[in-house]
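Asks: Questions regarding the structure given below will be posed in turn.
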Amino acid sequence: AEPGPGYLTGPRAGRDLWPTFLPASDPGASEAADAAAKAGRASGPGRASHAGRPGGGRRSGTAAEPAAPGRPSPLRLPSSGLAREILAAVDGQRPGDSPEGSTIPERTAPTESPEETAPPPLGPTRIYSFADSLERHMAAAPAVPPERPESWVTFELAGELYALPVARIQEIQRARGITRVPHAPPPVRGIANLRGKVLVVVDLRLRLGLPAAVADERSRILVVSSRQRSLGLLVDAAHQVLGLLPSRIEPPPADLMDERSAYLAGVVQLDDSLVIALDIDQLLLVPDEAATPSHAEAGGPP
């Protein structure tokens, strides 16, 4: 009996084959379906023939088949990507979403500068080319100025070493001819004659709170410049000039610093001693609470 309209034609007996729905009004199509079914039976049990499928022939690995009704659409994975990105895209899809609406961005390779990707110089002039490229690379690198040593004059006060910058010292004189001035503000020791000019001499022992001492043959007057003025500093002895790198001058301990010790610029460690670096401008600023009686009032020698 001929199949009626809307019947399924093809092999039966429970084989996993693709049935073809053909209308009864197309006998040519029915014959083609029967031929495809016979070919499927000839291929052996458990094998499905693809001749009866829409499109016919072997399925390609890149063509995506339409999803069956009621099933979620397959995922479309990128050529590269991190696992967390792929899993995040899978969690973000709902059943029935189209694969076109859930694309995963592909990771791009990091770009390299032209100098890193440039091939090594070739040819007879490769030595010159390499030297030119090295010079360009060094010119493009940020230049770090070299650290230069600074000159400091060291002197002695009560057995301790102190230092002042050489750039602020005009000259060093012997401590002779210091004349006391009545009611001079502490810690002024007196005045001296410097080639016809009156020079105010400050006793650094009194300024730093050290006991007064008698000037002797080792005592010196350091003539310094501060705030467009020339002043004399009386010290026990002048030692030598040191070349110190700025990195060697360590800041003074924080627990020793207050408004009365602002003149401390730092501490330098030598082989067998410590040198206290002073700030000349802060040194000559005397707070009221740090003022001590002048040497004349204290009754000491001039």
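The values are calculated or read from the model by the stated rules, or taken from the named source; none is laboratory data. Since this is a predicted model, take the numbers as computed values, not measurements. All Cβ positions, even for glycine, are placed from backbone atoms using ideal geometry, and neighbour counts span all protein chains on display. The area values use the complete protein model at the heavy-atom level, side chains included, leaving out ligands, DNA and RNA. Shrake-Rupley method; radii C 1.70, N 1.55, O 1.52, S 1.80 Å.
Asks: If I model a spin label at residue 257 and residue 179 as a point 7 Å from the Cα along the Cα→Cβ vector, what separation in nanometres do I get?
Replies: Taking the simple label geometry, residue 257 and residue 179 are separated by 4.3 nm.
Asks: Could you put 263, 128 in order of accessible surface area, largest first, with the 1.4 Å probe and the full protein assembly present?
Replies: Output order, biggest surface exposure first: 128, 263.
Asks: Additional query: Assuming R0 = 41 Å, what is the FRET efficiency of residue 285 and residue 144, from their Cβ-Cβ distance, to the nearest 0.05?
Replies: For R0 = 41 Å, the calculated efficiency reads 0.70.
Asks: Read phi for every residue in segment 191-207 and hand back ³J(HN,Hα) as whole Hz from Karplus 6.51 cos²θ - 1.76 cosθ + 1.60, θ = phi - 60°, with x for Gly and Pro.
Replies: Calculated HN-Hα couplings, in order: 10, 9, 9, 10, 6, x, 10, 7, 10, 6, 10, 9, 7, 5, 4, 5, 5 Hz.
Asks: To continue, here is another question. How far, in nm, would the chain grow between residue 230 and residue 128 when pulled straight, counting 0.36 nm per residue and subtracting the alpha carbon separation?
Replies: 30.9 nm
Asks: Could you please put 138, 257 in sequence from largest to smallest accessible area, using a 1.4 Å probe?
Replies: 138, 257
Asks: How do 274-281, 146-153 rank on mean C-beta neighbours within 10 Å, highest first?
Replies: Most protected by this proxy first, the peptides run 274-281, 146-153.
Asks: Next up: Need one value: the accessible area of residue 216 in square angstrom, 1.4 angstrom probe, rounded to the nearest 10.
Replies: In the full protein context, residue 216 sits at about 80 Å².
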